[in-house]
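Accompanying notes for the structure given below.
The values are calculated or read from the model by the stated rules, or taken from the named source; none is laboratory data. Note that the structure is a prediction, hence the values are computed from the model and not measured. Cβ placement follows ideal geometry from the backbone for every residue including glycine, while neighbour counts extend to all protein chains displayed. The accessibility values were calculated without ligands, DNA or RNA, using every heavy atom of the protein model including side chains. Shrake-Rupley method; radii C 1.70, N 1.55, O 1.52, S 1.80 Å.
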Amino acid sequence: MSVGIDRLAAYVPAYVLPMDALAAARNVPLEKLTHGLGVREMAIPPPCEDVVTLAANAGARLLRAAEVDPGEIGLLLVATETAVDHAKPVGIFVHDLLGIGVHCRVFELKHACYAGTAALMTAVDWVRAGRGGRRRALVIAADVARYELGSPGEPTQGAGAVAMLVQHDPRALQVSEESGVWASNVYDFWRPLGRREALVDGKYSIECYLDALAGAFGAYRSRERPALEPDEALVDRLAYCLYHVPFPKMAAKAHRRLVELDWRAAGVRWREVEPRLDEAAAASYDAQVAPTIEAVARVGNTYTASLWLCLASLLERTGRPLGGRRLGLFSYGSGSCAEYFTGVVPGSVGAVADGGLARLLAARTTIDIDEYERCIGAADAGGEPPASFAGDFVFRGVRNDRREYGRVAAEAAA
Ligand code: COA
């Protein structure tokens, strides 16, 4: 039975801060950010946007593009580590804003950057359990990545959301029935209750990511069907390899680790590539990974939405020729849990590939460092949308401990 993602829609905030502005303000060489980390721009929410509006705006774009009646959605999952309340889930605000019906299971999932994948797998299982009934789920991964101003993590901030329609006979990605998972209790990245900025042991978090990649990929590799021949590499069966990308250089580190593990396990292949390992890994990265991370370099870290932003961007960039090709996907959430799985892009992808991401990125307003710091300070203030606003919903602020949201006048929404 073929189940997976029928269509994706991304949403990014209205403001963007170029890395040269941040590098100059923090007295850091620009090349460290653009080459050392691979970041070009950072998406910044204006005060009228928060995680709820990011998620709802992605969801609204998806339902509109897919021409789906909100009443058909029987499961709404919002994955985030940017919760706005300890009890009330982001998803129930989104449920209301999108006009989804009362006969819908709604909850929020958290496991750092892994939760989006946990939500997708939960939705896929729910659709499969419907035994051929036409179940439809809406999964939204949304986050605002925040570190202390001036800290090493600051250039890796970002914000955004990706919504996915999960159903039978999907047109964007058929999700594999097998996956490899890996969980381990580590303190690499966390956000104690009451703190808005994450705490992170940066270098250690990279090690934890790579260890989890080895664990999850190894578990998947042994479950691959049809089974790999003794000299066969899994990456040779894949057109593209997608990763959780907290900053673009992480995808290069991850792919280098993955191909080495894969090639070592494939005897003949390893003997062939070992003498020129760096060169072979770099060529594989250019062909199989670089085309997937263009949007991340312009948005920054979207935590649990990051892997899905890579998929939305790849679909939009490549379109119809992706039909029939197979993808490898790796999800990592600090703390930690990781999952490796694969998916086949159906031949009908051409009809759903354009998620409007390029248009959204082009329409953003470039801000300077003063405006960026003002936005950080006013993150819970709410407000009026700026002229470039492309969303349907805005955050109006908090009154009597209750968050208030509104719909932008129809003619103002793009
Ligand atoms: N020109 C080009 N590259 C430069 C440079 C320069 N002038 N100066 C430094 N670099 C390179 C470094 O060599 C390094 O590259 P490498 O990792 O390939 O060796 C890279 O820039 C980062 O610099 P470094 O000094 O090692 O680290 P940092 O203190 O800037 O911190 C992170 C980097 C990723 C640890 C930090 O941004 C962070 O904590 N991010 C949040 C956590 C995170 O995203 N973790 C990922 C796993 S979930």
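Structure values in brief
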item	result
Subset of the range 294-340 that is farther than 17 Å from G160 by Cα and in a helix (DSSP H, G or I) - its residue that is farthest from the ligand (Cβ to nearest atom)	R320
Number of the condition not met by W126 [criteria: (1) touching a Ser or Thr at 6+ places or on another chain (Cβ under 6 Å); (2) more than 27 Å from V398 (Cα to Cα)]	(1)
Complete set of residues in the range 358-391 that are of a type outside the set (A, V, I, L, M, F, W, C), more than 13 Å from D50 (Cα to Cα), open to solvent by less than 60 Å² (accessible area, probe 1.4 Å) and in a loop (DSSP other than H, G, I, E, B)	R364, P386, S388
Residue that is surrounded by fewer than 19 Cβ atoms within 10 Å (Cβ to Cβ), away from the ligand (no atom under 16 Å from the Cβ) and either within 18 Å of A145 (Cβ to Cβ) or without any contact (Cβ under 8 Å) to a residue 24 or more places away in the chain (or both), where the choices are D69, D50, D20	D69
Pair list, Cβ under 6 Å, 6 or more apart: the range 302-316 residue buried (at least 24 other Cβ atoms within 10 Å of the Cβ), other residue of a type in the set (D, E) and assigned to a loop (DSSP other than H, G, I, E, B)	Y303/E81
Condition met for F247 (within 10 Å of the ligand (Cβ to nearest atom) and not β-branched (V, I, T))	yes
Residue among D201, D169, D211 that alone is away from the ligand (no atom under 12 Å from the Cβ) and open to solvent by 30 Å² or more (accessible area, probe 1.4 Å)	D169
Pair list, Cβ under 7 Å, 6 or more apart: the range 232-261 residue β-branched (V, I, T), other residue within 16 Å of the ligand (Cβ to nearest atom)	V245/A251; V245/I293; V245/V296; V245/S306; V245/C310; V259/A281
Any chance R128 is out of contact with any His (no Cβ under 8 Å at 6 or more places or on another chain) and more than 24 Å from F330 (Cβ to Cβ)	no
Selection within the range 23-47 - in contact with a Phe, Trp or Tyr (Cβ under 6 Å, 6 or more places away or on another chain), open to solvent by less than 10 Å² (accessible area, probe 1.4 Å) and within 16 Å of the ligand (Cβ to nearest atom)	V39
Where D231 falls short, out of the listed (1) over 25 Å from W263 (Cβ atoms); (2) more than 10 Å from the ligand (Cβ to nearest atom)	(1)
Residue list for the range 181-196, filter: touching a Phe, Trp or Tyr at 6+ places or on another chain (Cβ under 9 Å), away from the ligand (no atom under 11 Å from the Cβ) and either in a loop (DSSP other than H, G, I, E, B) or at positive phi (or both)	Y187
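Residue-wise test of (1) at pLDDT 95 or above; (2) surrounded by fewer than 21 Cβ atoms within 10 Å (Cβ to Cβ); (3) within 29 Å of D143 (Cβ to Cβ).
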{"position": "R237", "(1), (2), (3)": "yes, yes, no"}
{"position": "C241", "(1), (2), (3)": "yes, no, yes"}
{"position": "H244", "(1), (2), (3)": "yes, no, yes"}
{"position": "M250", "(1), (2), (3)": "yes, no, yes"}
{"position": "G267", "(1), (2), (3)": "no, yes, no"}
{"position": "W270", "(1), (2), (3)": "no, yes, no"}
{"position": "R276", "(1), (2), (3)": "yes, yes, no"}
{"position": "Y285", "(1), (2), (3)": "yes, yes, yes"}
